[in-house]
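Novice: First, the structure itself, so that you have it in front of you.
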Amino acid sequence: MKFFTDLLPILAFFIVYKKFDIFYATAAAIIITFLQVLYSYLTRKKVEKVQIINLVVILVFGGMTILFQNETFIKWKPTVLYWVFGMILIFSKVVFKINLIQKFLSKQVTLPTTDWDSLNVHWILFFLLMGFINIYIAYVYSLDTWVNFKLFGSTLLLLIFMIFQGVFIYKKGNIKEK
């Protein structure tokens, strides 16, 4: 369910873009993202770091898009977000010797250290590649194509990637009973 609620800003962006333009769509994404963070805080008294990072990036890049009336900034937003997540995974592993993928999933799954490291590398490469794909589509194709990719293409690629990661975990690990 969380996966679909995380898609709300992208879905709002897509719908508003199709009805109006990129600037109204950007405003809608900012508002929905802010409301998600607010809702999370009000209902759980906690906001996930990923939500905060996403809010900051959409405020900065979305804000510049609206302020300067330049769609380039919002096109860069997914790339920056992907690369930030990739860099966080790299930084936490190299500097702090913490595998964040393991930290988040170890309550549900037991894996050997080498497999946790493989998963971490998979996610790093996925984030870096998605950043490059996004910026490539943003600069090579039309705005319409980029907006469609943002909702359908990137979501589909994420789902496919997650399925492959799930298969990897299923084959290599032991799922813990609740």
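Every number here is computed from the coordinates shown, using simple stated rules; none is lab data. If you're wondering where the values come from, they're calculated on a predicted model, not measured in any experiment. Reconstructed Cβ throughout: ideal geometry from the backbone, glycine too, with neighbour counts over all protein chains shown.
Novice: As a footprinting exposure proxy, order Phe168, Phe132, Phe127 by other Cβ within 10 Å, with the fewest listed first.
Specialist: The most exposed by this proxy come first: Phe132, Phe168, Phe127.
Novice: Below 8 Å, C-alpha to C-alpha, sequence gap of six or more: please give me the relative contact order for the stretch 36-109 in percent.
Specialist: 17
Novice: Hey, got the Cα dimensions of the stretch 2-175 along the principal axes, in Å, largest first?
Specialist: That gives 50, 40, 29 Å along the principal axes, largest extent first.
Novice: Quick one: check the C-alpha center-to-center distance for the stretch 125-155 versus the stretch 1-61, whole angstrom.
Specialist: 18
Novice: Something else about it: What does the net charge come to around Asn54 if you take all other residues with beta carbon closer than 12 Å to its beta carbon, with K and R at +1 and D and E at -1?
Specialist: 0
Novice: Pop the C-beta distance of Ser142 and Leu67 into the FRET formula with R0 = 25 Å and round what comes out to the nearest 0.05.
Specialist: Using R0 = 25 Å, I get an efficiency of 0.60.
Novice: As an exercise, use a Förster radius of 25 Å and the Cβ-Cβ distance of Ile163 and Lys103 to find the FRET efficiency, rounded to the nearest 0.05.
Specialist: 0.70
Novice: Lysines within cross-link reach of Lys171: Cα-Cα under 18 Å, excluding same-chain residues under 8 positions apart?
Specialist: Candidates past the 8-residue exclusion: Lys107.
Novice: Shifting gears a bit: Using 0.36 nm times the number of residues separating Asp21 and Ile53, minus their current alpha carbon distance, what extension gain do you get?
Specialist: Taking 0.36 nm per residue and subtracting the Cα distance, the gain is 9.0 nm.
Novice: Follow-up. Run the paramagnetic zone check for Leu11: 7 angstrom along Cα to Cβ, then residues of the stretch 135-168 with backbone nitrogen under 19 Å.
Specialist: Under cut-off, by backbone N: 147-160.
Novice: Still on this structure, please answer the following. What does the charge add up to near Ser40, with Lys and Arg as +1, Asp and Glu as -1, over the other residues with Cβ less than 13 Å from its Cβ?
Specialist: Net of charged neighbours comes to +3.
Novice: Same structure, new question: Please report the projected area of the stretch 105-163's Cα convex hull averaged over all directions, in nm².
Specialist: Averaged projected area of the stretch 105-163's Cα convex hull equals 4.5 nm².
Novice: Continuing with this model, one more query. Measuring from label point to label point, each 7 Å out along Cα→Cβ, what is the Val95 to Phe34 span in nm?
Specialist: The modelled label-to-label distance comes out at 3.0 nm.
Novice: May I pose another question? Rounded, prolate or oblate: which fits the stretch 27-95 when a ≥ b ≥ c are the square roots of the eigenvalues of the alpha-carbon gyration tensor, with rounded for a/c under 1.5 and prolate only if a/b beats b/c?
Specialist: Note, shape of the stretch 27-95 comes out oblate.
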